[in-house]
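Since the structure comes first, as structure tokens, the remarks are kept for the end.
The values are calculated or read from the model by the stated rules, or taken from the named source; none is laboratory data. Treat the numbers as computed from the prediction; the structure is a model and nothing was measured. FYI the Cβ positions are ideal-geometry reconstructions off the backbone, even for glycines, and counts take in every protein chain you see. Keep in mind that these areas ignore ligands, DNA and RNA; they rest on the heavy atoms of the full protein, side chains included. Shrake-Rupley method; radii C 1.70, N 1.55, O 1.52, S 1.80 Å.
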Amino acid sequence: MTLIVDTLTQWMNNFTAKIELNQQLLSDLDTPIGDGDHGFNMNRGMQAVTQKLTEKPASLTAALKQVAMTLISTVGGASGPLYGTAFLEMAKKSDTTNDLGELLEAGLAGLEKRGGAKPGDKTMVDVWAALVPAVKSHDLTEDKITAAVEATKDLVAKKGRASYLGERSKGHVDPGSQSSGYLFEALLETKGLL
Ligand code: ADP
Ligand code: MG
């Protein structure tokens, strides 16, 4: 449960691989309720993150900051600044702890503050809010991740581009929730972390 530069790097590399593999699917999810760019945005950003982390940052705080700044400057859309803020808040928190659950909790608080979304608004906040407690209580599972992502399908979007559709946003999984699902799956696959 202790995050160090090495496990953060593994986690981000696992996330990049999932994003790369599923970029078309993510952009397809973003087509009916958005503008069809989420997978391409995230892939551009995560390729840059992976590249940046090969420079082997000297501390966890420096590494989290680099992830954050790279996401903010390369992803674009609404999701870039949101993921970026989450990692920036994790970087700040890492001054006082390297407990993964506590870091993710700080990331979630930053995400909610930056975007103004609450659980139930059909954004990536839904997945973070459902899964951060599972990380904290050491029982994150594949099933919980799938359930959290799928639960966004029947919600009406209250924030972001999808909210313009109102009721018509129902029946579609939220793309940012799906990419956040991959972020948590990537954690499960990171050896020696959970
Ligand atoms: P854009 O909507 O600008 O095209 P993306 O397609 O990259 O950006 O990302 C869309 C995702 O961003 C949504 O699926 C949702 O999960 C997330 N999102 C949008 N607005 C917010 C918000 N205010 N708070 C949290 N997440 C949000
Ligand atoms: Mg989009």
Charge sum, other residues only, whose C-beta stays under 15 Å from Gly39's C-beta, Lys/Arg counted +1 and Asp/Glu -1: -3
Greater than 28 Å apart at Cα, pairs in Lys122/Lys191; Lys56/Lys158; Lys65/Lys191; Lys18/Lys65; Lys118/Lys191: Lys122/Lys191; Lys56/Lys158; Lys118/Lys191
Summed residue charge, Cβ within 10 Å of Gln66's Cβ, Lys/Arg positive, Asp/Glu negative: +1
Surface accessible to a 1.4 Å probe, per residue, for the residues of segment 36-136, Å²: 40
Estimated FRET transfer efficiency (Lys153, Thr96; beta-carbon r; R0 35 Å; 0.05): 0.40
Positive dipole terminus of the chain, leading residue within Thr96, Leu8, Pro32 (C-beta point charges): Thr96
Longest to shortest principal axis, alpha-carbon extents of the chain, angstrom: 47, 32, 28
Estimated FRET transfer efficiency when R0 is 45 angstrom, pair Asp35-Ala58 (beta carbons, to 0.05): 0.70
Protection proxy ranking of 156-164, 132-140 - average other beta-carbon atoms within 10 Å, highest first: 156-164, 132-140
Ser73-Ala17 pseudo-label distance in nm [points 7 Å out on the Cα-to-Cβ vector]: 2.8
Selection from Gln47, Pro133, Ile19, by position along the positive dipole direction of the chain (Cβ): Gln47
The chain - percent of accessible surface contributed by carbon and sulfur, probe 1.4 Å: 52
Spin-label pair Leu165/Met1, simplified geometry with 7 Å Cα→Cβ offset, distance in nm: 3.9
